[in-house]
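Scroll down for the structure; my scribbles are underneath it.
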Amino acid sequence: MTRQYSRADDLIHQFDTVLRTLVPKAAQPSRPSPATEDVQDEMLDDEQRRHAAGLMRINHTGEVCAQALYQGQGLTAKLPEVRGQMEEAAQEEVDHLAWCDARLQELDGRTSLLNPLFYAASFSIGAVAGAVGDRISLGFVAATEEQVGRHLDEHMEKLPPGDRRSRAVLRQMAIDEAHHAHQALEAGGARFPAPVKAGMTLMSKVMTKSVYRL
Ligand SMILES: [Fe+2]
Ligand SMILES: [Fe+2]
């Protein structure tokens with residue numbers, strides 16, 4: 001038996017996803033974290049743990065933004081051929097979110113207080129891009145994923161050398177994000193011109209600077 005989803009069902013589902021994204025420990029991963037039992041850190045001192053937590057907080061917020069972007073886009077974009085693919089990517093973002101959250105807890109860190117703000121901003125951008133057209137919205141996904149990939153590479157360098165567990169998480173995320181970027185371009189995403197990408201880089205600088213501490 002199939003069931004027609006009403007507007008109210010949709011709203012409840014959306015609200016549920018918002019809560020799962022913003023409430024710590026609420027995200028349910030579909031794959032276990034790459035920081036498995038046999039990946040162990042070398043000794044980290046307090047300063048190193050604090051620094052690692054700051055970086056992982058940035059990555060967590062990046063995943064909150066990814067969730068919001070996919071959800072905003074899901075609301076307005078048509079994407080008939082690639083909807084299933086986009087949902088799969090969104091599920092992988094839930095994994096990333098949960099893995100970063102779990103790692104933050106191990107480091108005695110907390111998620112960012114600014115997450116609701118970044119969620120709202122990314123959701124709006126996703127919804128607007130989706131309404132403009134599939135080429136733009138897929139292009140936006142590709143550009144965002146490429147940007148996230150650059151951050152991940154940078155963070156793998158910046159993490160304390162002994163922090164093997166965070167690195168294991170970021171390594172798998174980088175593989176997934178590269179795949180998402182590739183899929184979005186393959187599906188017909190526009191390649192954004194340099195000035196647009198520069199604007200996105202500026203936005204991400206604002207995010208990383210504030211979230212490292214807050
Ligand atoms: Fe991600
Ligand atoms: Fe992604």
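The values are calculated or read from the model by the stated rules, or taken from the named source; none is laboratory data. The shown structure was predicted, so the numbers you read here are calculated from the model rather than taken from an experiment. Backbone-built Cβ (ideal geometry, glycine too); neighbour counts: all protein chains shown.
Of all the criteria given as (1) more than 14 Å from ligand 1 (Cβ to nearest atom); (2) within 23 Å of Gln14 (Cα to Cα); (3) touching an Asp or Glu at 6+ places or on another chain (Cβ under 7 Å); (4) of a type in the set (A, V, I, L, M), the one not satisfied by Ala120 is (3). Of all residues in region 103-122, those that are under 13 Å from Val18 (Cα atoms) have Cβ atoms under 7 Å from Cβ atoms of residues that are modelled with pLDDT of 90 or more and not in a loop (DSSP other than H, G, I, E, B), 6 or more apart or on another chain, in Asn115/Thr61; Asn115/Val64; Phe118/Thr61; Phe118/Val64; Tyr119/Val64.
Answer with yes or no whether Met203 is within 16 Å of ligand 1 (Cβ to nearest atom) and either in contact with a His (Cβ under 7 Å, 6 or more places away or on another chain) or without any contact (Cβ under 8 Å) to a residue 24 or more places away in the chain (or both). Spelling it out, it is not the case that Met203 is within 16 Å of ligand 1 (Cβ to nearest atom) and either in contact with a His (Cβ under 7 Å, 6 or more places away or on another chain) or without any contact (Cβ under 8 Å) to a residue 24 or more places away in the chain (or both).
Report whether or not Thr111 is in a loop (DSSP other than H, G, I, E, B), buried (at least 21 other Cβ atoms within 10 Å of the Cβ), modelled with pLDDT of 85 or more and not small (Gly, Ala, Ser). Spelling it out, Thr111 is indeed in a loop (DSSP other than H, G, I, E, B), buried (at least 21 other Cβ atoms within 10 Å of the Cβ), modelled with pLDDT of 85 or more and not small (Gly, Ala, Ser).
Checked against the criterion of being part of a helix (DSSP H, G or I) and within 16 Å of ligand 1 (Cβ to nearest atom), the candidates Gly126, Gly139, Gly130 yield just one match: Gly126.
Looking across Gln172, Gln147, Gln183, one residue alone is within 14 Å of Cys65 (Cα to Cα) and within 16 Å of ligand 1 (Cβ to nearest atom). It is Gln147.
Just to be sure before I move on: is His96 touching a Cys at 6+ places or on another chain (Cβ under 9 Å) and crowded, with 21+ Cβ neighbours inside 10 Å in the structure I sent? When the stated conditions are applied, His96 does not pass them.
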